[in-house]
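Okay, so here's the structure we're looking at.
The values are calculated or read from the model by the stated rules, or taken from the named source; none is laboratory data. No experiment lies behind these values; they were computed from the predicted model shown. Note: ideal-geometry Cβ built from the backbone for every residue, glycine included; neighbour counts use all protein chains shown. When the accessible area is computed, the model is the full protein with side chains, heavy atoms only, and any ligands, DNA or RNA have been set aside. Shrake-Rupley method; radii C 1.70, N 1.55, O 1.52, S 1.80 Å.
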Amino acid sequence: MKLYKVELLSGLVLMSLSLLSCEQNEPQGVLGEEKDKAKIIFVNATPNAATQPAAAQREIAIWPFYNGIQFNTFPIKFPWSNGYKAFAPGTMVMRFDTAQSQSNNPPGAAAKVGELTFPTEADRYYSVYSIGTAQQTEFVLLNDDLALPTPGKAKVRIMNYSPDSGPLDLFITGGSLAAPITLATSLAYKSVKPFFEIDPGTYTIEFRVAGTPTVVKSKANVIIDKNSCYSIWARGFRTVPSPGNTFGGYAFDISYHANRWSNPL
């Protein structure tokens with residue numbers, strides 16, 4: 001299986017889309033089949049909330065360490081991921097450091113921002129998201145249910161990881177739909193709607209202020225393929241912090257990626 005990046009690519013999706021290609025009976029690891037391994041992906045959904053101009057435009061990249069080992073050759077910037085990595089099952093201790101890098105301008109020494117310890121099982125998939133802000137980072141662990149959907153269907157899950165968005169509704173239009181449908185309602189910050197089935201298609205998705213017609217952000221041409229599993233989440237700030245003039249990449253947006261992708265061709 002090959003996984004993703006995490007940004008919806010321009011016009012399509014800002015997504016970390018190293019898309020998966022998997023067998024039909026069971027999802028496989030990004031490092032080959034990796035049977036009997038636990039697979040873990042890290043996603044940096046933590047925007048910079050600096051209110052000082054000198055610090056506002058810094059990219060706060062994060063290095064993830066897995067049981068003390070750092071597998072990446074580059075830090076993970078907002079809002080990207082590092083793809084699934086396979087490990088022997090057991091206790092996983094993930095440590096997260098800010099990066100000493102030119103992308104942290106001015107560069108500085110790495111510093112631990114968090115740690116997460118959790119049990120893992122063979123042939124299970126896990127997503128770890130850093131959320132909150134770079135000044136107050138939190139971490140979320142999700143179990144990824146990558147069992148295939150009903151043949152011809154797709155599976156999606158929805159998260160709200162925008163620190164200041166308030167509750168959100170998610171609507172989709174397009175595909176075979178005669179009218180917009182609601183995929184999630186009143187999704188509070190840090191909330192997750194677990195995987196559920198929908199029809200595949202090419203959609204416009206939009207987050208709205210919960211219970212209102214006010215659209216916070218929409219994205220067109222979002223492709224949801226059959227026999228695949230996707231995550232969709234809100235990220236960034238509805239109100240970009242000031243007076244720091246945090247750069248526009250931290251503004252509210254929609255990300256999605258394929259946790260499991262079956263080539264429909």
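List of remarks:
- Candidate set from the stretch 213-233 (those that are among the β-branched types (Val, Ile, Thr) and open to solvent by 50 Å² or more (accessible area, probe 1.4 Å)); member that is farthest from PRO167 (Cα to Cα): ILE223
- When the stretch 165-182 is filtered for residues that are farther than 19 Å from GLY132 by Cα and open to solvent by 40 Å² or more (accessible area, probe 1.4 Å), the ones remaining, listed by number, are THR173, GLY175, SER176, LEU177, ALA178, ALA179, PRO180, ILE181, THR182.
- Here SER162 does not qualify as open to solvent by 20 Å² or more (accessible area, probe 1.4 Å), among the small types (Gly, Ala, Ser) and either in a strand (DSSP E or B) or closer than 29 Å to ALA56 by Cα (or both).
- For LYS112: the one exception among (1) open to solvent by 70 Å² or more (accessible area, probe 1.4 Å); (2) modelled with pLDDT of 90 or more: (2)
- Taken together, the residues in the stretch 183-201 that are open to solvent by less than 70 Å² (accessible area, probe 1.4 Å), polar (S, T, N, Q) and part of a strand (DSSP E or B) amount to 0.
- A single member of VAL216, VAL222, VAL140 is among the β-branched types (Val, Ile, Thr), closer than 27 Å to ILE62 by Cα and touching a residue at least 40 places away in the same chain (Cβ under 8 Å), and it is VAL140.
- Among the criteria (1) in contact with an Asp or Glu (Cβ under 7 Å, 6 or more places away or on another chain); (2) within 25 Å of ALA251 (Cα to Cα), the one TYR125 does not fulfil is (2).
- Flag if ALA134 is under 30 Å from ALA54 (Cβ atoms) and in contact (Cβ under 8 Å) with a residue 40 or more places away in the chain: yes
- Within the stretch 247-263, if we keep just the residues that are farther than 23 Å from PRO194 by Cα, in contact with a Phe, Trp or Tyr (Cβ under 8 Å, 6 or more places away or on another chain) and surrounded by fewer than 23 Cβ atoms within 10 Å (Cβ to Cβ), the residue that is modelled with the lowest pLDDT turns out to be GLY249.
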